[in-house]
Structures are given as C-alpha cells and as structure tokens.
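The values are calculated or read from the model by the stated rules, or taken from the named source; none is laboratory data. As the structure is a prediction and not an experimental result, all values here were calculated from the model. As a convention, Cβ positions derive from the backbone with ideal geometry for all residues, glycine included, and neighbour counts pool all protein chains shown.
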Amino acid sequence: MSMPYSLAPDEYRVTAVRAQGAGGQNVNKVSSAIHLRFDIRASHLPEPVKFRLLALADRRIDREGILIIKAQTHRTQESNRADAIERVERLIESVWSAPEPRRPTRPSRSARRRRTDEKVQRGEIKRGRARVSAD
C-alpha cells in the first residue's frame, strides 16, 4: 500500500553544510551536504502516524519531535536534498499503516510431543557420553 502523503516544502527546513570525510580540495569549499529538519508535531500528518513516528527509537528524532536528516552521499546540493526528502518519506511510509496485532497461539499437541521426544533423545545422547563407572 502506498501512502497518500508527500512532504510539502513548508513542512521542512533545509540547511546546506560542508560534507565530512575525504573529498579533495573541493570538499572544504563547497557546502554540498544537507541538513533537513522536519518537525513531526507541527506537520500535517495524521495523529496516529505522528504518534508512531515519535515512538520510534530513532536517534535522528530529538526530544522536541524534530527529525534531523543529514544527506551527504552525493556531490551536489540538489541530489542530497532529494535524497534527504526521500529518506524522510520512506521513514513516514514505514509507520504509515498500523502494525498487525499479534494473536497469541499455542503449540499443537503433536508439536509438544515432538519437542519432548527430541528432549528425551538429546538426553540419551548426553547420557551416552558420560564416564563409564568400573564396578
């Protein structure tokens, strides 16, 4: 199921920063990396989706509910901006639909019997390894 939501330009703030790591002389002059800040609480997302996003154990989401994405894999600002927006949309899509509730199940009688038979057999193998006493 695709999500019927796309990120509006007024919902995020983009800042250009210098990229980290190796890259030659150009990396020290050009701000090609992108910091994208997306305020989850102030967004137009449905409330259940906001709740599931804020419940994620994601270190990119701070206490105020702002998601910070740093994109620096591409050489151009435009590519990094598109990458950051796509990553936010993928994260939203991952929590868009509620997870299926787990229905508790019980092992069948034959499965329980197989388990105990395997345990008995394993015990016999281990007993066979025991030291033989010389009476």
| message | Would you confirm whether or not the stretch 76-86 contains a residue that is modelled with pLDDT under 90, within 30 Å of Leu7 (Cα to Cα) and within 20 Å of the chain's Cα centre (by Cα)? | response | no
| said: Exactly one condition in (1) at pLDDT 85 or above; (2) in contact with a strand residue (DSSP E or B) (Cβ under 9 Å, 6 or more places away or on another chain); (3) assigned to a loop (DSSP other than H, G, I, E, B) is false for Gln20; which is it? | reply: (1)
| In the stretch 96-118, the residues that are surrounded by 10 or more Cβ atoms within 10 Å (Cβ to Cβ) and of a type in the set (D, E, K, R) | Arg112, Arg113, Arg114, Arg115, Asp117, Glu118
| Candidate set from the stretch 48-63 (those that are surrounded by fewer than 14 Cβ atoms within 10 Å (Cβ to Cβ) and among the basic types (Lys, Arg)); member that is nearest to Pro99 (Cα to Cα) | Arg59
| Number of the condition not met by Arg13 [criteria: (1) surrounded by fewer than 16 Cβ atoms within 10 Å (Cβ to Cβ); (2) in a strand (DSSP E or B); (3) at pLDDT 90 or above] | (3)
| task | Considering only the stretch 46-135, give the helices (runs of 4 or more DSSP H) lying wholly within it that have at least 2 residues that are free of Cβ contacts under 8 Å to residues at least 40 places away in the same chain and farther than 30 Å from Val14 by Cα. | result | 109-129
